[in-house]
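First the structure, in the form of structure tokens, and then the observations on it.
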Amino acid sequence: MEKTRKVYLDHNATTPLHPEVIKAMMLYYGEEYGNPSSVHRYGQLANNAMEEAREKVAGLIGASPKEIIFTGSGTEADNLAIKGIALANKTRGKHIITSSVEHHAVLNTCKYMKKEGFRVTYLPVDKYGLVNPDDVKGAITKDTVLISIMTANNETGTIQPVREIGKIAKKKDVIFHTDAVQAVGKVPVDVDKMNVDALSLSGHKFYGPKGIGVLYLRKGTRIKSLILGGHHEKNRRAGTENVPSIVGLSMALEIALQKMEKESVRLTGLRDLLSKGISDRIEKTHLMGHPEKRVPNTLNICFEWVEGESIILNLDLKGIAVSSGSACTSGTLSASHVLKAMGVDPALAQGSIRFSLGMSNTKEDINYVLDVLPEIISRIRAMSPLSK
Ligand SMILES: *Cc1c(COP(=O)(O)O)cnc(C)c1O
């Protein structure tokens, strides 16, 4: 057996910065440190860099620059979309539709909106984690002001029928937001083709910096700023803009999209090699999420009779980084809300492992995982009273 190597398979939690991105950002941490709101030359240089980044991001998702709002994270973009749109449009109605498999940035914001007097409908999903567009149609009432359904799920990679949902929303004149954080850089994202009015993305999920996000907001959509202060971001998000990170995000997005087609084929190949290798070598495993309607890098497998946490710890000792479902829920022993909504037996859901591949991964990485994983699983199973 090969000796320990370092294999990072948790790209849905975060990705390393692309070296060119680091280089581009350094200029704005160093020499060109101006405040983009300043009138003088220092300010102009920073502002130019920021507006160039805004144009680039807009162009890459089919938007116009005025529709791009830079935020402090993907989470903030989700908060701004849901709170900001619902509050600014509450005279139109106080009903929000979302799904039961959203990221906590959306779920907990919707929970908060309930306290603010909004009614929230959580749509069910099928066993693959898919929302049925007919359910969306059926849930819309005269009071519905906002629909928020994610593009791709962070735990399973399942891709929602966003375009069809958007068509329904448009026809019924309801504002439609999508959390596309796990889709951007992995599958094509175009705000017009997807029929969305608002879309969230996050830099650190596609080899850009952490602590920077974007909310795309369609022209004419009313929004209330959550952070009050100066006139930054056209009064939609106050606070001096994070110029280095904005530049970094735009460059990371450009690189990710340039590589997307090739990388998508490569990662699908590696992922399927891993998937087949696991089911060939290990008994009683189950693929979670949709077999085809899935982002190329994500593989979620449930291992019967084992706890995900013990697999993670054992793999970590071998230099392999994976996670159980979402990074935000690991550390707690409660089963994933996503798998629960898909109707997965809670005992089985405990044994869920998410492998999320990325740019640095090679065939050697996958073979190494396939070398060490069977032994780990059988060792844990041997200790489990359930497997007897
Ligand atoms: C990571 C993630 C977020 C949060 O983005 P941050 O920039 O980490 O706050 C939101 N939604 C989904 C689907 C994610 O995967």
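The values are calculated or read from the model by the stated rules, or taken from the named source; none is laboratory data. Please read all numbers here as calculations on a predicted model, not as lab measurements. Cβ: placed from backbone, ideal geometry, glycine included. Neighbour counts: every protein chain shown.
Quick notes on this one:
- Applying the condition of being away from the ligand (no atom under 12 Å from the Cβ) and acidic (Asp, Glu) to the stretch 147-175 and asking which residue is farthest from GLY59 (Cα to Cα) yields ASP173.
- Selection count, the stretch 360-388, where residues are crowded, with 19+ Cβ neighbours inside 10 Å and within 18 Å of SER264 (Cα to Cα): 3
- When residues in the stretch 185-208 are screened for being assigned to a loop (DSSP other than H, G, I, E, B) and more than 20 Å from PHE355 (Cβ to Cβ), 11 of them pass.
- THR4, sole failed condition from (1) in a loop (DSSP other than H, G, I, E, B); (2) without any contact (Cβ under 8 Å) to a residue 60 or more places away in the chain; (3) exposed (fewer than 14 other Cβ atoms within 10 Å of the Cβ): (2)
- Criterion applied to THR332, THR362, THR285 was being modelled with pLDDT of 95 or more, among the hydroxyl-bearing types (Ser, Thr, Tyr) and closer than 30 Å to ILE149 by Cα, and the one residue passing it is THR285.
- Selection of the stretch 106-115 for residues being away from the ligand (no atom under 11 Å from the Cβ) and among the aliphatic types (A, V, I, L, M) yields only MET113.
- Yes/no for HIS95 being buried (at least 19 other Cβ atoms within 10 Å of the Cβ), in contact with a strand residue (DSSP E or B) (Cβ under 7 Å, 6 or more places away or on another chain) and in the same structural domain as MET342 (by TED's automatic domain parsing): no
- Within the stretch 281-370, helices (runs of 4 or more DSSP H) holding 3 or more residues that are within 16 Å of the ligand (Cβ to nearest atom): 337-341
- When each of THR144, THR178 is tested for being in contact with a strand residue (DSSP E or B) (Cβ under 9 Å, 6 or more places away or on another chain), within 16 Å of the ligand (Cβ to nearest atom) and not aromatic (Phe, Trp, Tyr), the lone residue that passes is THR178.
- Just so you know, in the stretch 209-227 the residues that are out of contact with any strand residue (DSSP E or B) (no Cβ under 8 Å at 6 or more places or on another chain) and within 11 Å of the ligand (Cβ to nearest atom) include one that is farthest from GLY358 (Cα to Cα), and it is GLY211.
- In the stretch 8-19 there is at least one residue matching the filter, namely being among the hydrophobic types (A, V, I, L, M, F, W, C), at pLDDT 95 or above and buried (at least 22 other Cβ atoms within 10 Å of the Cβ).
- Residue in the stretch 69-78 that is assigned by TED's automatic domain parsing to the domain that holds SER250, more than 27 Å from VAL338 (Cβ to Cβ) and in contact with a strand residue (DSSP E or B) (Cβ under 9 Å, 6 or more places away or on another chain) present: yes
The rows are residues; the columns are (1) surrounded by fewer than 22 Cβ atoms within 10 Å (Cβ to Cβ); (2) within 16 Å of the ligand (Cβ to nearest atom).
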| residue | (1), (2) |
| --- | --- |
| GLN44 | yes, no |
| ASN48 | yes, no |
| GLY59 | yes, no |
| LEU80 | no, yes |
| ASN89 | yes, no |
| HIS104 | yes, yes |
| LEU123 | yes, no |
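- Subset of the stretch 197-232 (residues that are without any contact (Cβ under 8 Å) to a residue 24 or more places away in the chain and of a type in the set (A, V, I, L, M, F, W, C)): ILE227, LEU228
- Taking the stretch 14-49 as the range and being assigned to a loop (DSSP other than H, G, I, E, B) and farther than 30 Å from VAL322 by Cβ as the test, the residues that pass are GLY30, GLU31, GLU32, TYR33, GLY34, ASN35, PRO36, SER37, SER38, VAL39, HIS40.
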